[in-house]
Every structure is written in structure tokens, then in C-alpha cells.
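Visitor: Here you go, one structure.
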Amino acid sequence: GAGVSQSPSNKVTEKGKDVELRCDPISGHTALYWYRQRLGQGLEFLIYFQGNSAPDKSGLPSDRFSAERTGESVSTLTIQRTQQEDSAVYLCASSLFPVYEQYFGPGTRLTVT
Amino acid sequence: GDSVTQMEGPVTLSEEAFLTINCTYTATGYPSLFWYVQYPGEGLQLLLKATKADDKGSNKGFEATYRKETTSFHLEKGSVQVSDSAVYFCALNPADFGNEKLTFGTGTRLTIIP
């Protein structure tokens with residue numbers, strides 16, 4: 001079946017603009033995660049959705065970052081007033097249930113100029 | 001908080017050499033441990049995992065043993081191939097309900113030369 005998909009694959013934006021990144025999880029997966037991978041660094045957790053529970057937003061670096069998820073389907077990560085330090089690859093992952101294996105999408109490479 | 005420390009790269013080996021990539025962790029409780037691999041131009045994918053002490057995860061000739069006494073999960077392969085060139089990430093999941101996010105190491109870039 002289809003894996004996790006993300007769009008766009010690449011995004012170049014000017015400092016101060018808002019961007020929206022999209023994630024389509026594997027069908028039936030109840031858990032969805034966003035991570036960020038900055039150049040030369042490991043992956044940082046951003047936010048986690050599980051079913052209809054309140055999301056775990058503990059990894060969001062500032063209030064410029066927000067995310068939504070529609071039921072157990074698509075998620076969008078929004079970054080407002082982008083800064084150069086937001087440049088990174090943003091990865092989405094989903095799992096059938098928490099603590100199960102997480103399947104990652106190909107990522108969105110965001111470049112803020 | 002939870003953390004993962006893995007061997008810094010880059011690592012360059014000749015084909016058929018023995019590989020070890022060290023990984024140690026800090027966590028409370030009994031986390032699950034993972035190795036993920038990112039091949040050039042591809043997404044992150046699970047290589048192997050272990051969910052309790054003394055478990056050995058294995059896949060594609062790679063192995064790692066969950067050592068609680070040394071809080072380690074070192075990745076090994078007896079004879080590497082050029083196709084193993086990739087970035088390898090060690091990760092843990094606290095496996096506590098309500099706290100399932102993965103904590104990753106910084107990654108180790110491996111290059112195998114023919």
C-alpha cells in the first residue's frame with residue numbers, strides 16, 4: 001500500500017512569509033508525528049497527534065509553529081513569519097498505534113532566504 | 001530528559017570490512033530502541049529494533065543488542081557492502097503511554113568504498 005506522503009517536496013520562501021506543509025499518513029494509522037532535521041543535526045520532535053486526543057505540542061520551538069490534523073487523516077504544519085533558522089527538512093511519520101514502528105515520509109525541504 | 005548519543009562520523013570503510021557504530025542512551029524506565037537508516041535520496045526507514053533488555057534486533061545482516069547494564073545499542077555488521085552507504089540514526093521510544101515520540105541521535109554517515 002501507499003506510504004506516508006508529504007508535499008511539497010521542496011519549498012523556498014522569503015523570510016517573513018508563512019508556509020504550510022502537508023502530510024498524508026498511511027491509511028488507518030492513528031498516530032502522526034512531525035519532526036525537523038536541520039543540517040548536520042539529528043531529528044527533533046515537534047508535535048504528535050493520537051486519535052482525538054489533544055496533541056502533544058511539547059516540541060514546537062515557538063508560537064510561530066502550529067499544526068492541525070483532520071481526524072485520523074491529513075495533517076498540516078504551518079510556520080508563520082518564517083526565519084532563516086527554520087530552514088530544515090520537515091519529516092512526518094505515522095504509526096498504527098503509539099509505541100509501534102513509525103513510518104516516515106520523504107520530507108519537505110524548507111529553505112528560507 | 002531522554003537522550004541518545006551515537007558515534008560521530010563520517011565513517012569510511014572498505015567493502016567487506018567489519019562495522020560497529022556505537023550508540024548509548026539515557027532514559028528512565030524501559031525504552032524501545034531502534035536503528036533507522038537513510039539511503040541517499042530516500043526517506044528514513046526502520047532498520048531494526050529491540051523492545052526489551054537482551055533482545056537482539058537484526059535485518060539485512062545488521063545486528064544490535066539491547067544492553068541495559070551499559071545502556072547501549074551498538075550497530076554491527078560483519079561484512080559491509082557498497083550498498084550500505086547511508087546515514088544511520090539510533091533512536092529510542094520511551095514506550096510510556098502518552099509519551100511515544102522518538103528521540104534520535106545525530107546520525108552517523110557511513111561510506112563504503114569498493
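Visitor: I want to verify the translational diffusion coefficient of chain A in µm²/s; compute it with Stokes-Einstein, Rh as the Kirkwood radius over Cα pairs, at 20 °C and 1.002 mPa s.
Guide: On the way: Rh = 13.9 Å.
Approximately 154 µm²/s, per Stokes-Einstein.
Visitor: So which residue, out of A:70, A:13, A:82, gets the largest mean-square fluctuation from a GNM of chain A using Cα contacts under 10 Å as springs?
Guide: Answer for the Gaussian network model of chain A: A:70.
Visitor: Quick check: convex hull of the Cα atoms in the protein assembly as shown, volume per residue, rounded to a whole Å³?
Guide: 121
Visitor: Additional query: Ratio of chain B's C-alpha Rg to 2.2 N^0.38 Å, to two decimals?
Guide: Relative to the rule-of-thumb radius for its length, chain B sits at 1.03.
Visitor: Oh, and also: For chain B, calculate the relative contact order in percent as a whole number, restricting contacts to Cα pairs under 8 Å that are 6 or more residues apart.
Guide: Value for chain B: 37 percent.
Visitor: Another question, if that's okay. Provide, for the range B:15-114, the number of lysine pairs with alpha carbons under 17 Å apart, each pair being eight or more places apart or on different chains. Don't skip to the end; give the middle numbers.
Guide: Details: B:49/B:60; B:49/B:68; B:49/B:77; B:49/B:101; B:52/B:68; B:56/B:68; B:56/B:77; B:60/B:77.
Pairs that pass both the separation and distance tests number 8.
Visitor: Can you tell which of B:76, B:63, B:100 shows the greatest fluctuation in a Gaussian network model of chain B with Cα springs below 10 Å?
Guide: With Cα springs under 10 Å in chain B, the top fluctuation among B:76, B:63, B:100 is at B:100.
Visitor: What is the range A:61-113's relative contact order, in percent, from Cα pairs under 8 angstrom and six or more apart in sequence?
Guide: The value is 30 percent.
Visitor: Test of understanding: ordering B:113, B:21, A:26 by Cβ neighbours within 10 Å, fewest first, what list do you get?
Guide: Listing B:113, B:21, A:26 from fewest to most nearby Cβ atoms yields B:113, A:26, B:21.
Visitor: Counting Lys and Arg as +1 and Asp and Glu as -1, what is the net charge of the other residues whose Cβ lies under 15 Å from the Cβ of residue B:104?
Guide: Neighbourhood net charge equals 0.
Visitor: Write out the trypsin sites (Lys or Arg not before Pro) in the range B:45-86 meeting two conditions: DSSP loop, and at most 16 other Cβ atoms within 10 Å of their Cβ.
Guide: B:52, B:60, B:68
Visitor: Restricting to DSSP loop positions (anything but H, G, I, E, B) with no more than 16 other Cβ atoms inside 10 Å of their own Cβ, which chymotrypsin sites (Phe, Trp or Tyr not before Pro) remain in the range B:54-114?
Guide: B:97
Visitor: So which residue, out of B:40, B:94, B:31, gets the largest mean-square fluctuation from a GNM of chain B using Cα contacts under 10 Å as springs?
Guide: B:40
Visitor: Which Cys residues of the protein assembly as shown have no other Cys beta carbon under 4.7 Å away?
Guide: For the protein assembly as shown, the answer is none, because every cysteine Cβ has another cysteine Cβ under 4.7 Å.
None of the figures in this text is laboratory data; all of them are computed from the coordinates on show. The model shown is predicted, which means the values in this text are computed figures rather than measured ones. Positions of Cβ are backbone-derived with ideal geometry, glycine not excepted, and every protein chain shown enters the neighbour counts.
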